[in-house]
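Novice: Submitted below is the structure of interest, expressed as structure tokens.
The values are calculated or read from the model by the stated rules, or taken from the named source; none is laboratory data. Everything numeric here is computed off the predicted structure, so don't read it as measured data. Here the Cβ is made from the backbone with ideal geometry for all residues, glycine too, and neighbour counts use every protein chain on show. When the accessible area is computed, the model is the full protein with side chains, heavy atoms only, and any ligands, DNA or RNA have been set aside. Shrake-Rupley method; radii C 1.70, N 1.55, O 1.52, S 1.80 Å.
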Amino acid sequence: MTTLVRNAWYVAAWSTEIDDELRRFVILGDPVLLFRRTDGRVAALEDVCPHRQLPLSMGKRIGDTVQCGYHGLTFDTDGKCVRVPGQDRIPLSACVDAYPIEERSGIVWIWMGEPERANPDDIFDLPQFHDDSWHMHHGGALHIESNYLNVAENLVDPAHVSFVHETTLGNSASENVPVHVSTEGEEIIAWRWIRDSEPIGFFKAFGGFTGNVDRWHYYHLRLPCTAYIDFGSADATREIAEDDRDSGTRILALHFMTPVTETYTIDRWMHLRNTAVGSDEASDKMDALFEIAFGEDKEILEAVHIEEQRPRKRRPIRLAIDHGPMVYRKRIAEMLERERTDDASAPTNGAYVIHS
Amino acid sequence: MTTLVRNAWYVAAWSTEIDDELRRFVILGDPVLLFRRTDGRVAALEDVCPHRQLPLSMGKRIGDTVQCGYHGLTFDTDGKCVRVPGQDRIPLSACVDAYPIEERSGIVWIWMGEPERANPDDIFDLPQFHDDSWHMHHGGALHIESNYLNVAENLVDPAHVSFVHETTLGNSASENVPVHVSTEGEEIIAWRWIRDSEPIGFFKAFGGFTGNVDRWHYYHLRLPCTAYIDFGSADATREIAEDDRDSGTRILALHFMTPVTETYTIDRWMHLRNTAVGSDEASDKMDALFEIAFGEDKEILEAVHIEEQRPRKRRPIRLAIDHGPMVYRKRIAEMLERERTDDASAPTNGAYVIHS
Amino acid sequence: MTTLVRNAWYVAAWSTEIDDELRRFVILGDPVLLFRRTDGRVAALEDVCPHRQLPLSMGKRIGDTVQCGYHGLTFDTDGKCVRVPGQDRIPLSACVDAYPIEERSGIVWIWMGEPERANPDDIFDLPQFHDDSWHMHHGGALHIESNYLNVAENLVDPAHVSFVHETTLGNSASENVPVHVSTEGEEIIAWRWIRDSEPIGFFKAFGGFTGNVDRWHYYHLRLPCTAYIDFGSADATREIAEDDRDSGTRILALHFMTPVTETYTIDRWMHLRNTAVGSDEASDKMDALFEIAFGEDKEILEAVHIEEQRPRKRRPIRLAIDHGPMVYRKRIAEMLERERTDDASAPTNGAYVIHS
């Protein structure tokens, strides 16, 4: 049974990944052709000719149309066939899907579900995207051979940083600090403060802290596939309030997960920060630290994915730190159940997708 | 359900591929051992010992017998076991299949079906094989990761050359010229003439034409797995008749498809030509051009094969240019149905093997 | 249906393979973590955390406990969870399997079945392990992509050496010498003497024989996965009795097969010899000869395993030399049937596992 939610906006690519060339992406298992039209907008078509199934991305552009590389059938950016060489009549069924696209803040969003349900107002946004006192920096794309649910739950799980990211995002000071979890609409939030302790590697290297700090981690996981982690530090002697985080060094680390298939996920990551605004050097430094940390996550998540293919010998155990991930999997299960029954008003107490 | 027709002659190899060594081939999914006997004839045995299933090709020749490399069971070229080391009695069931073989014009033909139905008179032949005014040149073997039906239908499809082989076998002049289709016995023929147009790359490079030409393409696809393409050009000012093709530069490009498995096909290609007879330089030049064109086919066919593994979202569309391929798939479906019901006189209106 | 017998002692590793590091092995399809405790004993745990299924081998040692690399759950060498970071209560179900281990003569034995049935008295032993007049030498580990049954039956099959190991362990003198088979408890023994013939390559290179010898091969296959081959030579003019083998040059070649999965087997091999005691040079020379021979076996066994995946066209034939292998497969089938029905007293006439 699929774990992929179709009626949602996904990140197809950074804006910089799309240009005049015909490029093939696979999203939710479906091949998608992306290119930039002559007017600059991004076009997205099903990447398979309805005649003999050649990917249209192997054909060529003729203006804003795409000509199949096998027999020359030509499609416009609405997916409508506009030419069949060798005959005048164009069959009514000669068309491919065109996907709704929105491009914002350097991010290309795609809607893979029922087109009539696509509402651009639902696209993820943060006030800091539009605030000049914050620096926005697009990072890389982490390819992970794992189902996306594992990747996502890792992003509502502050507890793992103490063990997975000992030298970057966590340290032993946080090992026993309990995690709080709450939900707000489509977001699950897991957070904790670690007060008056040694700064983690990230803020030693980047924030320049030397004495003890108050450190926070707020993991916001928005259904189904977007996360941002609000984390930062302030001098412990200041004893700042929880809602005064902007007075410290504060980072919003964003993760846009794109399920390629049930077993492969791309995590595009970027950040916003309230310090070193305009400094490319700071961005590069931060990228280097994130790349170490995300490499640590990738190693863990791929190993877990492999083990999940093996029949389990025992029931999984449930811990206090699993609260966020369990709520997430329950909510995803409900979304899938609604899509399966094609009933947007279905009750939200469907079967759980708990750790398999 | 298999797509492989067993009661037919297939090309196992060029004559030059077979010598004294034990060599393993896989044909219609079955392993076959081929070697040249001391009298020069080609022997073909099932390549698996009936004792512990070691391929006999891993053993060694002892005269015209083959000794298994595991326990020394020895088989003659009829597939009969003639020795079991350690015991005098040879079990009646100790044998392997021997396949009918015919070698003609440098081509080794094999019959993989019921031996009693093998009739050498059914082997593909052309008058030009035996005509000294024609030059015969054996080419290479194109390995294609695709079911053979895709490869075959490409060889009764003149329309694709305008798009797949723009620089070699086609050009835009032919894009909208309709294709005629007829059938003669076991052959499906699709053809068209492109009159008074620029010569294609092939005849620019090879035939030396500079002005406009009349160009023809006759695709003959003989069931199940042999094709020859009669194509050529003549000066357009001559306005030659359709049956006067020998007065132009005429080439017969042959393709012998050997299904290795349901997902892998070898296409051995050669040509006959009525010009530059005896010139190795011309053969090399033509090989080089064909290799470019066939590499283009391979790229298309393998991409189509991969897409065919994916569930289709919509019904395939049917175009006028599909007439030849559709007749071919229908006829193959009938052959398979007759083999399935083991009734050579079954009616010919069985289920279709249309594009999956 | 599984071919893997669980209630048996298997060789997990040579003693030299295990040290302070956390190392992952796969045995009978199950991941196993092995490491040497601070007191020198070997610990063996199920290599998967019961929380989120990360292999424990990706975590780290803290004293004699193992801390998971994902969320820090910590297990002792009995498999009991002793710490869950972030909470005081440890769930009762938070545990992993610990496997019985015995280390003897440089060999680490593991029991993968029901722990209460593990009896160290059942572990394979030979008097020569404890006899200073014999030299013991641990060899290498041969990785074979084949089900273990093929590997095992090869070790109760003296007939194959004439054909597979022509230059090392066999020669043509033995081709037609019949094989005797008997059973003693859990052992199947296949043997033959080849009297007054040229020495095989092994004893030419190693034993220094130049004239004719009497040569013996006794293949002892102990259920399910241990074999030792007693083979040697003596000057033919001496005409030694069958039970006077110690007066010749005698070698015990041991094979411990560890099924990794149904399709992959590790064969750890070693030897005992009654000559050149204490000579490392002799050990190296013998290793080199064995490595050639075992490479020959590997090539055969992997080819057979591949062919076994293909549907058979005909029933396998049975020969006199198959007696040992057939008894072995019948006995294994009975062991599997007893494990399947969970009844150690089941009759021994269950279904046969004959060559598939």
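Novice: Hey, among C:45, C:22, C:34, which residue is under 28 Å from residue C:150 (Cα atoms) and not hydroxyl-bearing (Ser, Thr, Tyr)?
Specialist: The match here is C:34.
Novice: Among (1) surrounded by fewer than 18 Cβ atoms within 10 Å (Cβ to Cβ); (2) in contact with a Leu (Cβ under 7 Å, 6 or more places away or on another chain); (3) farther than 30 Å from residue B:181 by Cβ, there is one condition residue A:112 misses while meeting the rest; what is its number?
Specialist: Just one mismatch for residue A:112, condition (1).
Novice: Out of the stretch A:265-291, which residues are under 17 Å from residue A:201 (Cα atoms) and without any contact (Cβ under 8 Å) to a residue 60 or more places away in the chain?
Specialist: A:284, A:288
Novice: Looking at A:238, A:215, which is the one that is outside the structural domain of residue A:106 (by TED's automatic domain parsing) and open to solvent by less than 30 Å² (accessible area, probe 1.4 Å)?
Specialist: The match here is A:215.
Novice: Can you name every residue in the stretch A:139-149 that is closer than 14 Å to residue A:291 by Cβ and surrounded by fewer than 21 Cβ atoms within 10 Å (Cβ to Cβ)? Show your work before the answer.
Specialist: Narrowing the stretch A:139-149 to residues closer than 14 Å to residue A:291 by Cβ: A:139-144.
Across the stretch A:139-149, the qualifying residues are A:139, A:140, A:141, A:142, A:143.
Novice: Sticking with this structure for a sec: For residue C:312, which of the numbered conditions (1) facing chain B (nearest Cβ under 9 Å); (2) open to solvent by less than 30 Å² (accessible area, probe 1.4 Å) fails to hold?
Specialist: In the conditions (1) facing chain B (nearest Cβ under 9 Å); (2) open to solvent by less than 30 Å² (accessible area, probe 1.4 Å), residue C:312 misses (2) alone.
Novice: Residue under question is residue B:197, and the condition is that it be within 25 Å of residue B:320 (Cα to Cα) and within 14 Å of chain A (Cβ to nearest Cβ); does it hold? Before the answer, list the steps.
Specialist: On the way: within 25 Å of residue B:320 (Cα to Cα): yes; within 14 Å of chain A (Cβ to nearest Cβ): no.
No: the conditions fail for residue B:197.
Novice: Output the qualifying pairs, or none if there are none: Cβ atoms under 8 angstrom, residues six or more apart or on different chains, first residue in the stretch C:188-210 and assigned by TED's automatic domain parsing to the domain that holds residue C:227 and within 28 Å of residue C:329 (Cβ to Cβ), second residue surrounded by fewer than 17 Cβ atoms within 10 Å (Cβ to Cβ) and of a type in the set (Asp, Glu).
Specialist: Between residues of the stretch C:188-210 that are assigned by TED's automatic domain parsing to the domain that holds residue C:227 and within 28 Å of residue C:329 (Cβ to Cβ) and residues that are surrounded by fewer than 17 Cβ atoms within 10 Å (Cβ to Cβ) and of a type in the set (Asp, Glu), the close pairs are C:193/C:242.
Novice: Look at the stretch A:218-235 and say how many of its residues are closer than 19 Å to residue A:201 by Cβ and either among the aromatic types (Phe, Trp, Tyr) or open to solvent by 10 Å² or more (accessible area, probe 1.4 Å) (or both).
Specialist: 4
Novice: Among the residues in the stretch B:285-301, are any open to solvent by 10 Å² or more (accessible area, probe 1.4 Å), outside the structural domain of residue B:30 (by TED's automatic domain parsing) and closer than 18 Å to residue B:127 by Cα?
Specialist: no
Novice: I'm trying to understand the selection: among the residues of the stretch A:173-194, which are within 14 Å of another protein chain (Cβ to nearest Cβ), part of a loop (DSSP other than H, G, I, E, B) and not charged (D, E, K, R)?
Specialist: A:176, A:177, A:178, A:179
Novice: Looking at (1) under 22 Å from the mean Cα position of the chain (by Cα); (2) under 30 Å from residue C:276 (Cβ atoms), find the lone condition where residue C:132 falls short.
Specialist: (1)
Novice: For the stretch A:241-253, enumerate the residues that are in contact (Cβ under 8 Å) with a residue 40 or more places away in the chain and buried (at least 21 other Cβ atoms within 10 Å of the Cβ).
Specialist: Listed by number, the residues that qualify are A:249, A:252.
Novice: Next question, about the same structure. Condition first: surrounded by fewer than 18 Cβ atoms within 10 Å (Cβ to Cβ) and either part of a helix (DSSP H, G or I) or not polar (S, T, N, Q) (or both). Now tell me which residues in the stretch C:150-172 satisfy that. Lay out the reasoning, then the answer.
Specialist: If we filter the stretch C:150-172 for residues that are surrounded by fewer than 18 Cβ atoms within 10 Å (Cβ to Cβ), which is where we start, we get C:166-167, C:172.
Listed by number, the residues that qualify are C:166, C:172.
Novice: Is there any pair linking a residue in the stretch A:295-306 that is closer than 9 Å to residue C:54 by Cβ and at the interface with chain C (Cβ under 9 Å from one of its Cβ atoms) to one that is open to solvent by less than 40 Å² (accessible area, probe 1.4 Å) and assigned to a helix (DSSP H, G or I), with Cβ under 8 Å and at least six apart or on different chains, and which?
Specialist: Between residues of the stretch A:295-306 that are closer than 9 Å to residue C:54 by Cβ and at the interface with chain C (Cβ under 9 Å from one of its Cβ atoms) and residues that are open to solvent by less than 40 Å² (accessible area, probe 1.4 Å) and assigned to a helix (DSSP H, G or I), the close pairs are A:300/A:154; A:300/A:160; A:300/A:164; A:304/A:150.
Novice: Out of all the residues in the stretch A:322-338, is one or more surrounded by fewer than 16 Cβ atoms within 10 Å (Cβ to Cβ) and either at the interface with chain C (Cβ under 10 Å from one of its Cβ atoms) or within 21 Å of residue C:49 (Cα to Cα) (or both)?
Specialist: no
Novice: Which of (1) among the aliphatic types (A, V, I, L, M); (2) farther than 22 Å from residue B:131 by Cβ; (3) away from every other protein chain (no Cβ under 12 Å) is the odd one out, the single condition residue B:227 does not satisfy?
Specialist: Against the list (1) among the aliphatic types (A, V, I, L, M); (2) farther than 22 Å from residue B:131 by Cβ; (3) away from every other protein chain (no Cβ under 12 Å), residue B:227 comes up short only on (2).
Novice: Of all residues in the stretch B:19-31, count the ones that are assigned to a strand (DSSP E or B) and surrounded by fewer than 22 Cβ atoms within 10 Å (Cβ to Cβ). Walk me through how you get there before you give the answer.
Specialist: Narrowing the stretch B:19-31 to residues assigned to a strand (DSSP E or B): B:23-27, B:30-31.
With surrounded by fewer than 22 Cβ atoms within 10 Å (Cβ to Cβ) added as a condition, the list becomes B:23-26, B:30-31.
Of the residues in the stretch B:19-31, 6 are assigned to a strand (DSSP E or B) and surrounded by fewer than 22 Cβ atoms within 10 Å (Cβ to Cβ).
Novice: Kindly provide the set of residues from the stretch B:4-16 that are among the hydroxyl-bearing types (Ser, Thr, Tyr), open to solvent by 20 Å² or more (accessible area, probe 1.4 Å) and touching a Pro at 6+ places or on another chain (Cβ under 9 Å), ordered by number.
Specialist: Within the stretch B:4-16, no residue meets the criteria.
Novice: Would you check if there is a residue in the stretch C:140-154 being under 17 Å from residue C:9 (Cβ atoms) and touching a helix residue (DSSP H, G or I) at 6+ places or on another chain (Cβ under 8 Å)?
Specialist: yes
Novice: Here is a follow-up. Please identify the pairs in which a residue from the stretch B:123-134 that is over 14 Å from residue B:256 (Cα atoms) and aromatic (Phe, Trp, Tyr) has its Cβ atom under 9 Å from the Cβ atom of a residue that is part of a loop (DSSP other than H, G, I, E, B) and open to solvent by 30 Å² or more (accessible area, probe 1.4 Å), counting only partners at least 6 apart or on another chain.
Specialist: Taking only residues 6 or more apart or on different chains, the pairs are B:129/B:105; B:134/B:274; B:134/B:277.
Novice: Continuing with the same structure: Give the residue, chosen from B:211, B:201, that is in contact with a Pro (Cβ under 9 Å, 6 or more places away or on another chain) and modelled with pLDDT under 95.
Specialist: It is B:211.
Novice: Give the residues of the stretch C:42-95 that are at pLDDT 95 or above, open to solvent by less than 40 Å² (accessible area, probe 1.4 Å) and on the phi > 0 side of the Ramachandran plot, sorted by residue number.
Specialist: Hits for the stretch C:42-95 are C:53, C:72, C:79.
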